Ligand SMILES: Cc1ncc(COP(=O)(O)O)c(C=O)c1O
């Protein structure tokens, strides 16, 4: 760390951060990002870093988009705040709920606003309870979630999350959350098992668990269409079809967590479209505002909504809401995001550049340190392996990927995410990225990977 008054030193002194080792953070301090333009962010010295992860998978339109900034500024002048509680509302929230209802793959969808993906998923748990209480199904409250799925950090959302460090020492998960296997064929299939057979096995496992728990106790199944933080896991083709068949036969809702996949990330507007999911609810956040403002939306189908209203009729009052839900500035930015998506033909842009993204990322398949490469749209992952010929992966502590990530960042000024599960390097650049920038991103990555690879060889960890 530099001098005691540097931003980094003051940060280390006063702030508590997440998803890091606290002592390392306190001793080393963070790298402080002070600016951004396009797909680049700048540190305090003005050094540009290529943001291969769009921050936290979220800045779809990159940094410094004037139209998004203007949308926020104009709304700040018009009405910087008003709430949407107790029979009040604000125009941007009304307009946005209407637009979202029009574009999601759920008929007559209703929208509830919150501030983060975590909060929206937490509210989903509350709504599920309320709904089933209204229907007199007091036992039907459990939610099935998947190992390695990530759904957020609040007590409820972290419980839905299937990543051990999100639970450890936080006394989580809360009761009523049941975890099933993730659809990770690469690591969890049996010898000789095809992807189709594997998907069938997971559907059977799901059914066995439903029967074990009692179908009358299970309300919903939550999943990211493609698992993001858990390592960019793309389920086998027939997986969701089989899972939905099981859910349908036990009257269990499908809760799609579109926080990463939504808004074009996987090539279509929604991950549900890419993966063939028929959702009852969708959780939206991140790219909803291109992360320029904190906002999330819980979108639910009309049956779910009418159950909730019925419950409220019994009680006479819906005892739920937040000060900032439907914040006018955040909603104004989200409206602009949706407008720009159309105006700038973002889906055709993504269709175009994702071909290049795929061809570039697939070039890593032959790299000696790479065990697997996967991608969909502008979401991709390179998983490192100790001995690719024998299919031996590194122990899933992410240490080698972290080394590549640190090298890429320090020496080649490239930021990407190291997935907390397994030695995976995840790429989710701003959706505005162009072909030349994609080439540059993977060029920088290759330099870091080659360097770490030859060091590991010298250290006797891998054979080349
Ligand atoms: C799929 C998914 N759901 C929910 C969340 C939680 O969102 P937030 O960090 O806005 O609370 C995340 C965050 O990364 C996520 O990736």
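The values are calculated or read from the model by the stated rules, or taken from the named source; none is laboratory data. From a predicted model like this one, the values you see are computed outputs, not experimental measurements. Cβ coordinates were reconstructed from backbone atoms using ideal geometry, including for glycine residues, and neighbour counts include every protein chain displayed.
The table below lists the values:
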{"read-out": "Residue check, residue 171 outside any helix (DSSP H, G or I), more than 16 Å from the ligand (Cβ to nearest atom) and either modelled with pLDDT under 95 or within 27 Å of the chain's Cα centre (by Cα) (or both)", "value": "yes"}
{"read-out": "Test: residue in region 208-215 that is more than 14 Å from the ligand (Cβ to nearest atom), under 21 Å from residue 150 (Cβ atoms) and surrounded by fewer than 24 Cβ atoms within 10 Å (Cβ to Cβ)", "value": "yes"}
{"read-out": "Count - residues of region 61-80 that are loosely packed, with under 13 Cβ neighbours inside 10 Å and over 28 Å from the mean Cα position of the chain (by Cα)", "value": "3"}
{"read-out": "All helices (runs of 4 or more DSSP H) inside region 50-134 with 1 or more residues being assigned by TED's automatic domain parsing to the domain that holds residue 232 and within 25 Å of residue 431 (Cα to Cα)", "value": "66-78, 91-103, 117-134"}
{"read-out": "Single residue of 199, 229, 219 found to be assigned to a strand (DSSP E or B), under 25 Å from the mean Cα position of the chain (by Cα), assigned by TED's automatic domain parsing to the domain that holds residue 275 and touching a residue at least 24 places away in the same chain (Cβ under 8 Å)", "value": "219"}
{"read-out": "Test: residue in region 140-151 that is assigned to a loop (DSSP other than H, G, I, E, B) and either under 17 Å from residue 250 (Cα atoms) or not assigned by TED's automatic domain parsing to the domain that holds residue 121 (or both)", "value": "yes"}
{"read-out": "Residue that is farthest from the ligand (Cβ to nearest atom), among those in region 152-165 that are assigned to a helix (DSSP H, G or I) and under 16 Å from residue 229 (Cα atoms)", "value": "164"}
{"read-out": "Options 115, 124; residue that is touching a strand residue (DSSP E or B) at 6+ places or on another chain (Cβ under 9 Å), within 22 Å of residue 206 (Cα to Cα) and within 14 Å of the ligand (Cβ to nearest atom)", "value": "124"}
{"read-out": "Residues located in region 156-169, provided they are farther than 20 Å from residue 397 by Cβ and touching a helix residue (DSSP H, G or I) at 6+ places or on another chain (Cβ under 7 Å)", "value": "156, 157, 158, 160"}
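A quick yes/no check of all residues on (1) under 30 Å from residue 35 (Cβ atoms); (2) in contact with a strand residue (DSSP E or B) (Cβ under 8 Å, 6 or more places away or on another chain); (3) away from the ligand (no atom under 16 Å from the Cβ); (4) in contact (Cβ under 8 Å) with a residue 40 or more places away in the chain:
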position	(1), (2), (3), (4)
49	yes, yes, yes, yes
57	yes, yes, no, yes
69	yes, no, yes, yes
73	yes, no, yes, no
76	yes, no, yes, yes
85	no, no, yes, yes
95	no, no, yes, yes
130	no, no, yes, yes
146	no, yes, no, yes
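Residues checked against (1) within 16 Å of the ligand (Cβ to nearest atom); (2) in contact (Cβ under 8 Å) with a residue 60 or more places away in the chain; (3) part of a loop (DSSP other than H, G, I, E, B):
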{"site": "225", "(1), (2), (3)": "yes, no, yes"}
{"site": "260", "(1), (2), (3)": "yes, yes, yes"}
{"site": "279", "(1), (2), (3)": "yes, yes, yes"}
{"site": "282", "(1), (2), (3)": "yes, yes, no"}
{"site": "293", "(1), (2), (3)": "yes, yes, yes"}
{"site": "297", "(1), (2), (3)": "yes, yes, no"}
{"site": "305", "(1), (2), (3)": "no, yes, no"}
{"site": "310", "(1), (2), (3)": "no, yes, no"}
